[in-house]
6 protein chains.
Amino acid sequence: MSELEDAKDKILMGVERKSLLISDDEKRLTAYHESGHVLVSKSLPGMDPIHKVTIIPRGMALGLTQALPIDERRTYSKKYCLNQLAFMLGGRAAEKLVLGDLSTGAGNDIEKATKLARKMICQWGMSERLGPLTYGEKQEEIFLGREIGMHRDYSEQTAREIDEEVKKLVEAAESLAESIIKKDIKKLKKLAETLLEKEILAGDEIDKILQIKKNKRKGKNTEDDKSRQKEN
Amino acid sequence: MSELEDAKDKILMGVERKSLLISDDEKRLTAYHESGHVLVSKSLPGMDPIHKVTIIPRGMALGLTQALPIDERRTYSKKYCLNQLAFMLGGRAAEKLVLGDLSTGAGNDIEKATKLARKMICQWGMSERLGPLTYGEKQEEIFLGREIGMHRDYSEQTAREIDEEVKKLVEAAESLAESIIKKDIKKLKKLAETLLEKEILAGDEIDKILQIKKNKRKGKNTEDDKSRQKEN
Amino acid sequence: MSELEDAKDKILMGVERKSLLISDDEKRLTAYHESGHVLVSKSLPGMDPIHKVTIIPRGMALGLTQALPIDERRTYSKKYCLNQLAFMLGGRAAEKLVLGDLSTGAGNDIEKATKLARKMICQWGMSERLGPLTYGEKQEEIFLGREIGMHRDYSEQTAREIDEEVKKLVEAAESLAESIIKKDIKKLKKLAETLLEKEILAGDEIDKILQIKKNKRKGKNTEDDKSRQKEN
Amino acid sequence: MSELEDAKDKILMGVERKSLLISDDEKRLTAYHESGHVLVSKSLPGMDPIHKVTIIPRGMALGLTQALPIDERRTYSKKYCLNQLAFMLGGRAAEKLVLGDLSTGAGNDIEKATKLARKMICQWGMSERLGPLTYGEKQEEIFLGREIGMHRDYSEQTAREIDEEVKKLVEAAESLAESIIKKDIKKLKKLAETLLEKEILAGDEIDKILQIKKNKRKGKNTEDDKSRQKEN
Amino acid sequence: MSELEDAKDKILMGVERKSLLISDDEKRLTAYHESGHVLVSKSLPGMDPIHKVTIIPRGMALGLTQALPIDERRTYSKKYCLNQLAFMLGGRAAEKLVLGDLSTGAGNDIEKATKLARKMICQWGMSERLGPLTYGEKQEEIFLGREIGMHRDYSEQTAREIDEEVKKLVEAAESLAESIIKKDIKKLKKLAETLLEKEILAGDEIDKILQIKKNKRKGKNTEDDKSRQKEN
Amino acid sequence: MSELEDAKDKILMGVERKSLLISDDEKRLTAYHESGHVLVSKSLPGMDPIHKVTIIPRGMALGLTQALPIDERRTYSKKYCLNQLAFMLGGRAAEKLVLGDLSTGAGNDIEKATKLARKMICQWGMSERLGPLTYGEKQEEIFLGREIGMHRDYSEQTAREIDEEVKKLVEAAESLAESIIKKDIKKLKKLAETLLEKEILAGDEIDKILQIKKNKRKGKNTEDDKSRQKEN
């Protein structure tokens, strides 16, 4: 069983790099960063379950929080997207609140969050201010010449409004992540210290540490969901 | 007869994907989304008749509302275009009003509506504010070098005015779609629940559910049309 | 003689497409659109004579108004250009005033009018406000590298001034076209209804319908011309 | 001798196109246009002598005013450039003042004047306001990749200042040309009517018509020069 | 041992260029420039140790300050980045304060500092004002056509805010470097004069000159660190 | 010896073009232009010595002032750069003050001055206002696709600030050059008239004309230097 898990990891997460020497500082930073992701995910409704979290470096990453969806979805709700943004920024929030500094390690999370927020606004019409419109250019028929030199199809002022809305979404998600971590900072420390010691934790081990009972959540739009998340 | 219909569907809509597992949540979302399109179409004059609506996934789409024109048209009136915009946003309006959330599933509708609104203003001179002018660049003679790096042929301020007019058109269409659905929300629910159950509905089945008598509409510019639609 | 005319048409206007089924609505729209062009042309001095007008579809067009110059000109006056603009927008003006709606069918006229107005201002120095200057880039010596990425050679504010002047020219032409059609709306209807019936009208038939005596106009700058057209 | 002159013309001005049918209107327009160039040139100091003026069409041009420099110059003074601008706009000024309309025929003159004014300001530092600086990009080492996509090297506001200065230079030149023609409108008419009749005039014939004595000008910066032209 | 050191230098720093004649002026400038880097590095916590400093020209450089990290890091803290900025500007600060002039020699340092500051803000979310967002475009899937002509993904106003934040970071680092050098200008002179004489100094020689005891620093986030650096 | 000098000239300055006929006007203009460069150079500290000045045309140039550095420098101070700007604009200043007109001949000097001023600000951090930052893009790793379409990396407002600073630097240099020439206009005339007569002057001949004793300047940062040049 353990071998099977190992093989799946190699495919999904890259080969383990035990040989790589990581300083204690970086290990600690990574443990808190990943625990931040985990805690935010566990505190929000409708999230994909955390399968595993690890600080054993694989490929280019120093650590990884692995979330696997329970079913094959084709569409995502605005609420799901907003919670994903908070989940993405959970690692950075933990670094900031516990270690009192920011690090370059959150660069990838920030990039993913910016892209998601931009899609919510520019492709999925999820901003009240910008309305049910598409912004940008989605070139379907590509051939050399036509596409080269094409311009974005909106004005500077609209570009500024998009910037402001994207920033508002991401910063709201950061606030949400920070408030979750501040409230449960003891749980975060417990999780991070256990992770530092064991280097890898499975979903049920995480639940035990966070004292979460058998997960009863199923759908995406429960009552609980509505009370927590406010309409943007 | 049923086999013929099936063959036509394969060509027009892609092969049925019964094997694909769709969660109940997504099925429900899709049923309400498609029913939104249908209800808006049935409530506006001069629309192309709905041939069929389905929530059986085909190709990339989870559902489809199929409208077929009664004759081969070459030109479209501004009123027809405005009603098409509302029809396109009917799915999203239904999601919003019944399920209380937005989803990524409306992304394609939004894109189509934005493109149509932009054409109305930039190619067909259908905006009072921007007048009977063409905005943009329609490169007829294309050769490498000439076209590369060509710029849009209007100023930033004009670009902003176009943005504002496009947004106004699409948001007016959204309001129209929402008001139609709010007024007949019971019909929408009845349609969606029947669709959830049967997975596919033909044009006459839809008419029966919505209690529409034999369609007497023929032309595009009836008196009825004029009273409903106001000049932009 | 009729065969010769037919052969000339095939070359100039594409092969007749009698097989194409056009709805009565579109035929009527086309008849009024083409009659609008004809009426405006007949009401302005110095225009090229109308050779023929037809609503038999040829190539991509549903109808055509054919104007042929009386001599081979190399230069055109500002007054001639202004009248051409009104002629181009005559079809749209007729649709708007008689049918009470706009259609996508005027897209091509709008594009031609915009291009002509832009040339008047940017290449021929025919705007008081922008003066006797060239705006834009006319690349004579083209080679890969040099031309790619070249920018428009004026500032944003100048671009805006050009936009405003182009719009002013085209909208003035639209007003001129509309005032001509409003004044002679009975003639327009007579022309359109005859065209609907006969599908094609030659120059002299048009003159008979519009009760125009043997055309006595010759030059481009008659007194009559001056009294009608005001200096821009 | 006449044959030699003819051969030189073929090389410099293209083959004569006597076969081309020009309307009387266009011939008259051309005669006044070319006479405008000649009169402005003859009224300003330091100009290159007019060798010949003609309204026989050659190549793409309906007429031509041929000025040949008296020596091979490498550098040109600001005063010389300013007078050249007026010379270029002399044709248009004559059309406007005598025929009361503008024509597309001045498009080429306008383009040349705009280019010269732009060079004076952007390459030769001849504007007080923009100072002794180069504006733009003069790519000396060209290779694919580097040059493509390069931007103009100044800001929007600077671009606007350049636009304003270029326009000021060209409009000042237009005023100069117009004031010269207004003052000597009788001479212009005499020149144009003779040209209409003879179709071609040599330098000394022009001088006779304009009653100019043996040209005593030699250098470019005579006292006379200074009194007429004011510092920009 | 010395040979090994020499071989390593050849790889890391290029071949020594003793033959190159350097004027006394430039040697002095270089000695003060490199000593500026060294002094700033030695005065800030958490810096990578200085391995060697030299004014023997190698490759294109007239001098070099070689800092080697104590462990293989994957992530860097905001504090570390801020100190690196000051270190990069230490050479210029020394030139300015001791020699009273700036030189082109600092161009490379300035470029490196600007790039680092821009990354801190645009990729690592280290600016309060611009928040945890990515600005710019990181093209992962590159193919000709798609990428060409792509635009920066933010508005002009956002671009301005980025400019201001980048400038603020770099100028704060310059002030830090200048204040360090002003405070210890005697040490700087001693270091520079010794370097002028010996041309190369190893890490322990530097420590002796600056009277630094055995380096006791280990981690990156000591208390000392916190008191010196203020949150941006 | 004379032959050797001649050979060196051919390499450095192109082949002499005695056959080229230059008008007296242009010869005089060139003599004053080159003398302007020489006088400014001789009046500023730390300049590279003038080896030779000539008005014999070589290659594309009508004249040349040849300055050769006394040693191989790698770095240049801000003061040296500022004096170079004045030297570059010395020719134009002489034309303006003595001949009362500007000419196209200064275009190359203006371009060189603009480029140097831009580098001082954008690459070498020599502007107080724009600080120790790099502005622009210096593509080190070039490959097709990545580089094409890259944008300038700063905002419009920053672009404007750069424009203003570049202009300020160049105009200050022009003022410096003009004040030097105004003060010593007699020396300029003597130099230019001798040059007109002899067509070529060596460094020591220039010194004799300008009554300069054996040059005692050596370094670049003398006291004299400081009193003249003010901090930008």
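Laid out as a table, the results:
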item	result
Shortest-first nm distances, residue F:21 label point to equivalent points in other copies (7 Å, Cα→Cβ)	4.8, 4.8, 8.3, 8.3, 9.6
Electrostatic dipole magnitude of the range C:61-129 [Cβ: Lys, Arg +1; Asp, Glu -1; Cα centre; debye, to 20]	340
Local electrostatic count at residue C:132 - Lys and Arg +1, Asp and Glu -1, tallied over other residues with Cβ under 9 Å	-2
Listed residues A:57, A:44, A:32: farthest to the positive end of the dipole of the range A:19-63 (Cβ charges)	A:44
Partner chain coverage, peptide B:125-132 - average Cβ within 10 angstrom	6
Nm distances between copies for residue E:190, ranked from closest, using label points 7 Å along Cα→Cβ	5.5, 5.6, 9.6, 9.6, 11.1
The range D:122-131 - phi-based ³J(HN,Hα) in whole Hz, Karplus 6.51/-1.76/1.60, Gly and Pro as x	8, 10, 10, x, 9, 10, 3, 5, 9, x
Over 29 Å between alpha carbons, listed pairs D:167/F:112; F:167/F:198; D:42/D:112; D:79/F:189	F:167/F:198
Residue-wise HN-Hα coupling along the range D:86-101, computed from phi with Karplus coefficients 6.51, -1.76, 1.60 (Hz; x: Gly, Pro)	4, 4, 4, 8, x, x, 4, 4, 5, 3, 5, 7, 8, 9, x, 8
For the range A:74-136: rounded, prolate or oblate by the Cα gyration tensor [a/c cutoff 1.5]	prolate
Protection proxy ranking, peptides E:77-86, A:107-116, average beta carbon neighbours within 10 Å, highest first	E:77-86, A:107-116
Sequence of C:200, E:56, C:181 from largest to smallest accessible area, 1.4 Å probe	C:200, E:56, C:181
Karplus 3J(HN,Hα) series, Hz, for the range E:192-206 with 6.51 cos²θ - 1.76 cosθ + 1.60 (x for Gly, Pro)	5, 5, 4, 5, 4, 6, 8, 6, 8, 9, 7, x, 6, 4, 4
Shortest-first distances to equivalent copies, position residue F:213, nm, label 7 Å out along Cβ	6.0, 6.0, 10.4, 10.4, 12.0
For residue B:67, residues with placed amide H under 5 Å, excluding near neighbours	B:51
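The values are calculated or read from the model by the stated rules, or taken from the named source; none is laboratory data. Remember, predicted model here, so these are calculated numbers, not experimental data. Every residue, glycine as well, gets a Cβ built from its backbone with ideal geometry; the counts of neighbours run over all protein chains shown. Each accessible area value is taken on the protein alone, full model and side chains, heavy atoms only, with ligands, DNA and RNA left out. Shrake-Rupley method; radii C 1.70, N 1.55, O 1.52, S 1.80 Å.
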